[in-house]
Amino acid sequence: PDPRALTLGSLGILRCGEGETQHLNPTDPSGAACYHLVFPLNAPTRFCQAGQTGEVRAGGYVLLRGDRFYDLSSPSDLARWVVTIPARALRDRLVAVDAHVAGRFRANPEMAAFVLRTISSTAHIFQDNRLPPRPEALAAEIVALTALMIGAEDGCDENLSNVGRSRTRQRIMDHIEA
C-alpha cells in the first residue's frame, strides 16, 4: 500500500505528484460530486477549471470541483496534498461552496497552515494501512476544519451577502447537471 494515501470513509487524503509538472483530472465516469482541496508543497502551481485560472503557492490551497475536468501545472515540481471531499459533506457545513472554487478569495494563511498540518499529520500517523478507531468521525472533523478554513478566506463575507440567491442557483445547476 502507498503510505502517502489514506481513506477515511468517503474522504480521501493523497500525497502525490513528485517530479510531475502537469496533472489533468479527467471527469469521473461515476459522476460522484466531490471537491478536491489541493495544497502545493514546493513550487507555485497554476490551475485551470471551467475557464477560471490562477496560481497558488506552497503554503496555500485551491478548492476545485473533483467531478469536473481541471488542469494543474508547475514549472518544476507538482508535489501536492489532495483531499477528496464528498460534495454533500462540505455543502452541509459551508454556504455557497462553489463560490470558493478556483481561488476566488484570498486564503487565510494561518488557517491554511493549520489544516495542511492536520492533513499531513493524519496521513503520517495512520500510514501503512492503519486506520483510526473511528475513521468516519475523523473525516467529519477534517471536513469541519476545511469549512472553517474556507469560511475564513478574506473578502468572502462581503461577496456572499446574498446567500439565498447562491443556494438557489446551486440547486438549479445541480438539477441541470443531473
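The values are calculated or read from the model by the stated rules, or taken from the named source; none is laboratory data. Keep in mind that this is a model prediction, so the values were computed, not measured. All Cβ positions, even for glycine, are placed from backbone atoms using ideal geometry, and neighbour counts span all protein chains on display. SASA here: full protein model, heavy atoms, side chains in, ligands and nucleic acids out. Shrake-Rupley method; radii C 1.70, N 1.55, O 1.52, S 1.80 Å.
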Counting only residues that are among the hydroxyl-bearing types (Ser, Thr, Tyr) and touching a helix residue (DSSP H, G or I) at 6+ places or on another chain (Cβ under 8 Å), how many does segment 115-129 have? 2
Could you say whether any residue in segment 14-28 is under 19 Å from ALA140 (Cα atoms), open to solvent by less than 40 Å² (accessible area, probe 1.4 Å) and not in a helix (DSSP H, G or I)? no
Being at pLDDT 95 or above, open to solvent by less than 90 Å² (accessible area, probe 1.4 Å) and not β-branched (Val, Ile, Thr) is true for just one of ALA144, ALA79. Which residue is that? ALA144
Residue list for segment 67-76, filter: out of contact with any helix residue (DSSP H, G or I) (no Cβ under 8 Å at 6 or more places or on another chain) and either without any contact (Cβ under 8 Å) to a residue 24 or more places away in the chain or surrounded by 15 or more Cβ atoms within 10 Å (Cβ to Cβ) (or both): ARG68, TYR70, LEU72, SER73, SER74
Out of (1) touching an Asp or Glu at 6+ places or on another chain (Cβ under 9 Å); (2) modelled with pLDDT under 95; (3) closer than 19 Å to ALA96 by Cβ, what's the single condition that is false for GLY31? (3)
Here's a check for you: in segment 64-85, which residue that is outside any loop (DSSP other than H, G, I, E, B) and of a type in the set (Lys, Arg) is nearest to CYS48 (Cα to Cα)? ARG65
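Within segment 29-42, can one find any residue that is part of a loop (DSSP other than H, G, I, E, B) and aromatic (Phe, Trp, Tyr)?
Initially, segment 29-42 is screened for residues part of a loop (DSSP other than H, G, I, E, B), giving 29-33, 41-42.
Next cut, aromatic (Phe, Trp, Tyr) only: none.
Checked segment 29-42: no residue is part of a loop (DSSP other than H, G, I, E, B) and aromatic (Phe, Trp, Tyr).
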Please tell me if ARG88 is part of a loop (DSSP other than H, G, I, E, B) and at pLDDT 90 or above. no
Selection from segment 109-139 of residues that are surrounded by fewer than 17 Cβ atoms within 10 Å (Cβ to Cβ) and either farther than 19 Å from THR7 by Cβ or of a type in the set (A, V, I, L, M) (or both): PRO109, GLU110, ALA113, PHE114, ARG117, ILE125, LEU131, ALA137
Looking at segment 43-62, can you tell me whether even one residue there is within 20 Å of GLY9 (Cβ to Cβ), surrounded by 16 or more Cβ atoms within 10 Å (Cβ to Cβ) and under 12 Å from the mean Cα position of the chain (by Cα)? no
